[in-house]
Amino acid sequence: MAARGDYPFFPGPGAAPGLEVVGRTPDGRRVLALPRFGGCAERVAVDADRLLPAPDGLDAIGLGLNALVAELTLHRARVNPGDRVLVRGAGGGIGVLAVQIARARGAQVTAITSSPARAARLRALGATTTVDRTDAAPEGEHDVVVDTVAGPGMAEHLPLLAPNGRYALCGGVAGDPGPEPFAALLRHFHHSPTLIALSLNSITPDELARSWERVRALADSGALRPVVERRLPLDRIAEALRLVGSGRVFGKVVVRAR
């Protein structure tokens with residue numbers, strides 16, 4: 001979306017290849033770096049407070065910013081054991097990690113996806129239930145809805161919240177949702193819903209560091225693993241961007257500088 005110019009604002013790291021980088025600093029530390037733009041290069045200048053430790057053995061780029069978005073979203077939504085969590089866009093880069101993290105927090109996870117093959121892969125990642133996005137809306141009420149998609153369909157998913165539920169918007173691949181979601185909020189006013197919107201642009205370096213520690217702990221325990229569809233060399237960056245924009249990628253596309 002950033003490459004197409006579809007965002008009226010800076011989309012934040014992780015929205016496309018080049019907005020997150022794993023490499024070594026001049027003093028030899030292996031880090032995950034969060035450049036504002038321009039990460040599709042062999043050398044990148046990044047503010048020191050946008051560097052996170054990436055020990056050898058950790059697939060930091062496979063997790064990367066998508067893991068931070070998913071973890072911070074679920075953290076802010078206060079997902080607890082036994083909560084019913086619905087993940088919209090569960091097969092995308094953020095969604096595949098949100099499913100795993102929600103499951104690790106003890107939630108019952110319903111994943112919305114686009115094909116039986118993706119549904120099977122999501123169940124293997126920990127989804128309790130899967131729903132085809134072209135079918136009727138998922139049954140039952142949910143304590144938390146994690147929405148990586150936005151767009152007009154957002155209005156159809158807000159009513160799926162249980163009383164005192166939390167709707168957590170952390171992506172916008174389908175674009176502007178228009179005014180309908182806010183009308184849906186008003187129609188369910190007496191359910192006291194909470195709308196959470198999370199962008200990494202507003203997260204402080206300290207918050208990022210704490211979230212990254214939690215991500216690393218989950219990865220070390222085996223509860224969270226990266227899902228990478230393709231790893232391409234830097235000279236195929238145009239192909240990588242086309243793949244990301246196609247909507248056919250399950251998980252993430254990674255570009256190798258060398």
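Bear in mind these aren't lab numbers, they're just calculated from the coordinates by the rules spelled out. Predicted model, so just to flag it, every value in this text is computed and none were measured. Here the Cβ is made from the backbone with ideal geometry for all residues, glycine too, and neighbour counts use every protein chain on show.
Averaging the sequence gap over all C-alpha pairs within less than 8 Å and six or more residues apart, then dividing by the number of residues, gives the range 208-258 a relative contact order of 38 percent. Radius of gyration over Kirkwood radius for the range 131-258, both on Cα atoms: the Rg/Rh ratio is 1.03. Ranking ASN80, SER246, PRO181 by how far each Cα lies toward the positive end of the dipole of the chain (charges on Cβ) leaves SER246 at the top.
Please get the size of the charge dipole for the range 68-200, origin at its Cα centre, with Cβ charges of +1 on Lys and Arg and -1 on Asp and Glu, quoted in debye to the nearest 20.
My answer is approximately 380 debye.
Note on the chain: Cα Rg divided by 2.2 N^0.38 Å, N the number of residues, gives 0.98. Based on Cα contacts under 8 Å between residues 6+ apart, the range 68-200 shows a relative contact order of 23 percent. Helix 205-221 and the longest principal axis of the C-alpha atoms of the chain enclose an angle of approximately 90°. If you fit an axis through the alpha-carbon atoms of helix 116-125 and take the longest principal axis of the Cα set of the chain, what angle between them do you get, 0 to 90°, nearest 10? For helix 116-125, the angle is close to 70 degrees.
Taking packing as the residue-averaged number of other Cβ atoms within 10 angstrom, the listed peptides 164-171, 180-187, 141-148 run from highest to lowest as 141-148, 164-171, 180-187. A protection proxy built from the mean count of other Cβ atoms within 10 Å ranks the segments 64-74, 198-208, most packed first, as 64-74, 198-208.
So, by mean Cβ neighbours within 10 angstrom, what's the order for 84-94, 225-235 with the highest one leading?
Answer by packing, highest mean first, reads 84-94, 225-235.
Using the rule -39500 (n - 2.57) for each DSSP H run of four or more residues, divided by the residues of the chain, the 222 nm mean residue ellipticity is -9000 deg cm²/dmol. Summing Cβ point charges (Lys, Arg +1; Asp, Glu -1) relative to the Cα centre of the range 56-139 gives a dipole of roughly 160 debye.
Taking the DSSP bridge list for the chain and keeping only pairs wholly inside it, about 20 percent are antiparallel. The angle between the Cα long axis of helix 60-76 and the main principal axis of the chain comes to about 30°, on a 0 to 90 degree scale. Radius of gyration over Kirkwood radius for the range 68-200, both on Cα atoms: the Rg/Rh ratio is 0.93. Among THR113, THR129, a tally of other beta-carbon atoms within 10 Å of each Cβ gives an order, fewest to most, of THR129, THR113.
Relative contact order, whole percent, for the chain stands at 19, derived from Cα pairs under 8 Å and 6 or more residues apart. Shape analysis of the range 142-201 places it in the oblate category; the axes a ≥ b ≥ c from the Cα gyration tensor give an a/c of at least 1.5, with a/b not above b/c.
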